[in-house]
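Derivation of every value follows stated rules applied to the coordinates shown; laboratory data play no part. Everything numeric here is computed off the predicted structure, so don't read it as measured data. Glycine also receives a Cβ, built like all others from the backbone with ideal geometry; neighbour counts cover every protein chain displayed.
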Amino acid sequence: MKKLLLASAGILSLCAGAFSANAADLPRRLPAKAPAYVAPLAYNWTGLYVGINGGGGFGRSDFSGPAFPAAFNTSGGLVGGTLGYNWQAQGSPFVFGLETDLDWSGIKGSGACGVTTCSTSNTYLGTFRGRVGYAWDRVMPYITGGLAYGNINTNVAGFGTGSSTRAGWTLGGGLEFAIAGPWTAKVEYLYVDLGRGGGIPALAGDAKFQANVVRAGLNYRF
């Protein structure tokens, strides 16, 4: 019995040694390969958007006419809505778009003209513009220009009032930022010229309306 136990122990020792030698000859496991780096996609500005805007305008109004020539400054606030569409080709930094807006306007002013007082006011102002931007990912400076329209209201104290809707032009630029999800924010400057209007029937003359508009906006892109 003792001899049988010794023989069994010897066989187990030989098997263990052989297993250890074979395990040492196995190739070592290669280190796990790190996943390939995937660069995040750049922000793309393509899409329809709606928004709100608000700011102020300041400019100059010139009355013409043989009776009461006058010129004075105008200023006031604006607030309204915006609708637009941007298109950006994949991999291109250039963004092309169309934008329209319509604002309530409180731009007005008055001044002495002869022995009385003349005033000019604008109660609504709209634009329809093209835009060209250059995108640095989520930041886009742009230039813009196109049609401007609005009313020119005039008054000469003691002689009457006049009002007309005029179409003119606008040109400017701005800077827009993608802030979170579909939301973007912008600041912009527009020069607006509506020409002359608001003639008063009792007087041979009218008024010119020009304004520098500075405003901010918040847009939601679909």
Checklist entry - A178 fails exactly one of the following numbered conditions: (1) in a strand (DSSP E or B); (2) more than 24 Å from G106 (Cβ to Cβ); (3) more than 18 Å from the chain's Cα centre (by Cα). What is the number of that condition? => result (3)
Checklist entry - Can we say I152 is crowded, with 16+ Cβ neighbours inside 10 Å and farther than 22 Å from G57 by Cα? => result no
Checklist entry - Could we say that Y189 is in contact with a Pro (Cβ under 8 Å, 6 or more places away or on another chain) and not in a loop (DSSP other than H, G, I, E, B) here? => result no
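Consider the stretch 121-143. How many of its residues are hydroxyl-bearing (S, T, Y) and closer than 16 Å to L102 by Cα? Walk me through how you get there before you give the answer.
The first filter runs over the stretch 121-143 and keeps only residues hydroxyl-bearing (S, T, Y), leaving 121, 123-124, 127, 134, 142.
From what is left, the residues that are closer than 16 Å to L102 by Cα are 123-124, 127.
Qualifying residue count, the stretch 121-143: 3.
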Item to check | Residue in the stretch 182-199 that is surrounded by the most Cβ atoms within 10 Å (Cβ to Cβ), counting only those that are of a type in the set (D, E, K, R) and within 11 Å of the chain's Cα centre (by Cα) | outcome: E188
Checklist entry - Just checking, which of A112, A89, A70 is without any contact (Cβ under 8 Å) to a residue 12 or more places away in the chain, on the phi < 0 side of the Ramachandran plot and among the hydrophobic types (A, V, I, L, M, F, W, C)? => result A89
Checklist entry - What do you reckon, is T165 among the polar types (S, T, N, Q), exposed (fewer than 13 other Cβ atoms within 10 Å of the Cβ) and in a strand (DSSP E or B)? => result yes
